[in-house]
Every structure is written in C-alpha cells, then in structure tokens.
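Worksheet: one structure, shown below.
The values are calculated or read from the model by the stated rules, or taken from the named source; none is laboratory data. Just so it is clear, the structure is predicted and the values come from calculations on it, not from any experiment. Neighbour counts run over all protein chains shown; Cβ positions are idealised from the backbone, glycine included.
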C-alpha cells in the first residue's frame, strides 16, 4: 500500500478514472463564475483608451480602415510590378491567395509601424 494515498484498484478503466478526476458540478460552476467575475472587468477597462482615428473632411475614420485602403493600393501597385516583369505568369500560382495575402501583409505592417 502506498503511503498517504488510497490503494490502487485492481482494475482501472477509463470510466473509473474520469469519475475520480471529475469535480462536483457546483464547484465547476463556481469556478466558471469566479473566472468570469475576474475577467469581465479587465475587458471593460481595456476599452477605455482612445481609439486611433483620423479626422478626414470632418468625419472620424478608424485607423484600421485607412491602413486597409493603403494596403489594398500597395497590393495593386505590387501586382502591376509583377505583371510588368512577367513574374505573375511564371511563379505566382494561386493568384486568389497571393494578392489577398499581400494586402493583409501590407495592412498589418502599416498598422504595426504606425499604431503599435
């Protein structure tokens, strides 16, 4: 017999192990409620900072929209460059994936450079 613990049962199967490891239902509900009570105020406090916006002709636009538009324009410029050097026909196979990924790359890079 092991010291300070229950003896190992002769036959261990998955059902008996999971039954032993499960906590009572009321304890699991209390843990979820406690985690929610600690997590929700942090989410609410995180939204209190000023959002990065730009005043364009009297209307405030979120910065992510501006980064997205510039990212799209940069992807168009890169596409024109690829067509001019004839790289689009030779190497870029799934064009439906290449250009959205380039747009996302430029958008996220602009966001990180200017707003992080």
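For the stretch 75-87, give me the residue count where each residue is part of a helix (DSSP H, G or I) and more than 24 Å from the chain's Cα centre (by Cα).
9
Only residues that are surrounded by fewer than 12 Cβ atoms within 10 Å (Cβ to Cβ) and part of a loop (DSSP other than H, G, I, E, B): list them for the stretch 88-114, please.
Answer for the stretch 88-114, where residues must be surrounded by fewer than 12 Cβ atoms within 10 Å (Cβ to Cβ) and part of a loop (DSSP other than H, G, I, E, B): 89, 90, 91, 93, 94.
List the residue pairs whose Cβ atoms are under 8 Å apart, where the first residue sits in the stretch 87-99 and is under 16 Å from residue 77 (Cα atoms), the second is not in a loop (DSSP other than H, G, I, E, B), and the two are 6 or more positions apart or on different chains.
88/79; 88/82; 88/95; 92/82; 92/98; 99/75; 99/79
So residue 37 fits all but one of (1) modelled with pLDDT under 75; (2) loosely packed, with under 10 Cβ neighbours inside 10 Å; what number is the exception?
Among (1) modelled with pLDDT under 75; (2) loosely packed, with under 10 Cβ neighbours inside 10 Å, the lone unmet condition for residue 37 is (1).
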